[in-house]
Amino acid sequence: MKAIAEAPSKAIITGEHFVVHGAWALAAALPLRVRVEVSQAPSLAIRSDRFEGRDSPELRPVSRVVEGMARQFSVTPSVRVSISSEIPEGAGLGSSAATMVAVASAFSRLHSLGLKVDELVRCSMVGERFIHGRPSGIDPTVCAYGGVVLFKRGSKPRRLSMDGTRSLIITYSGEKRSTKGQIGRVSVMRERFPGLFAMLAGAVSELGFTAAEKLRQGDMEGLGRVLAINQAALETIGVSNEAINGIVDLLGSLGCYGAKLTGAGGGGSVVAVAPKAKEKSIVSGLSARGFETFKVKVPTEGVRSWLER
């Protein structure tokens, strides 16, 4: 008997970094997914299609999640964990969060723990803190719940309801980044310029609600303007870079309504919105210039798990 779980990736539409310090943020689950299989074994063994060995640095957070859940619920941690992923590492698309959520979900399913979505998020945060230091929790929340979510640290997530689907364009810069390092950089900026940071955090928090309403209405041009404003705030706190700014400008020149970095910054990915008639040519234009670019539809399903013999 084995338990299988799949969890989606994510893109933060507004509010990254500021969400760590109490602002509201808006994020969406994306259809790129992580798949995790968990079965009983003589001891804890972890295999990934990207990394080998339970003790490899990249897989230690998985051990933390499994061992933490085993202690909490008085079950054996002796399982075999197999991980395969469609999500690029270090791209700002929630690869680690999706993995931790899927591991927690599969482990819960194997041991019939019956954990609810918020409990899976809590269990997955053990691994996320090991990786990122002081994350807000938005990534595993969106990967677990799915859909489009308004999130504030310490508050109940608010899922956005809308008719039909909306398109986002995601472009990977090709530059990996460290979320922990970027969070630390922003914390230093906040300490040096507390008044400026508080002003920006309040404005970005309001942008989250504006973005949610624009997305709900299907006003993608209005959403694009919101993305542009948020990108300016992220540039102000120093988490954008030349590569990201170049992609944002390129997307604008090809006809996007607006674009911004998504995730920790310092590399990673860009999220954009565009007129439907131009989406295909924009994706082709970025791809022709060597950038991994794709269109996604939101909302998409959150984590799910099942048993197989």
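Extending 7 Å from the Cα toward the beta-carbon at both E292 and S84 defines two label points whose distance is 1.7 nm.
For K297, a cut-off of 30 angstrom between C-alpha atoms picks up these lysines, skipping any fewer than 8 places away in its own chain: K10, K116, K152, K156, K176, K180, K214, K260, K276, K278, K280. Relative contact order of the range 166-298: 41 percent, from C-alpha pairs under 8 Å at least 6 residues apart in sequence.
Computed extension length for Q40-A277: 80.3 nm, one decimal, from 0.36 nm per residue of separation with the Cα-Cα distance subtracted. Computed from the C-beta positions of A232 and V188 and an R0 of 25 Å, the FRET efficiency is 0.80 to the nearest 0.05.
Compute a Gaussian network model of the chain, connecting alpha carbons closer than 10 Å, and tell me which residue from M100, M125, M162 fluctuates the most. Largest GNM mean-square fluctuation: M162. Rg and Dmax of the range 221-309, based on Cα coordinates, read 15.2, 53 Å.
Sorting E67, E235 from the fewest to the most surrounding beta carbons within 10 angstrom yields E67, E235. Could you give log10 I(q)/I(0) at q = 0.06 Å⁻¹ for the chain, computed by the Debye formula over C-alpha point scatterers of equal weight, without solvent? With no solvent term, the Cα-only Debye profile gives -0.19. With a/c under 1.5 counting as rounded, go ahead and sort the range 142-209 into rounded, prolate or oblate using the C-alpha gyration tensor (a ≥ b ≥ c being the square roots of the eigenvalues; past the cut-off, prolate if a/b is larger than b/c, else oblate). Verdict is oblate for the range 142-209. With the cut-off at 1.5 for a/c, could you classify the range 36-168 from its C-alpha gyration tensor as rounded, prolate or oblate? Here the range 36-168 falls in the prolate category. First check a/c for the range 166-298, with a ≥ b ≥ c the square roots of the eigenvalues of its C-alpha gyration tensor; if it is under 1.5, answer rounded, and if not, answer prolate when a/b is larger than b/c or oblate otherwise. Oblate shape, in that a/c is at least 1.5 and b/c is the bigger or equal ratio. Taking 0.36 nm per residue of separation and subtracting the Cα-Cα distance, full extension of the segment from D118 to R158 would add 13.1 nm.
We did not get these values from a lab; they are worked out from the coordinates using the rules stated. Only a predicted model underlies this, so the values are computations on that prediction, with no experimental measurement involved. Here Cβ is always computed from backbone atoms with ideal geometry, including for glycine, and neighbour counts include all displayed protein chains.
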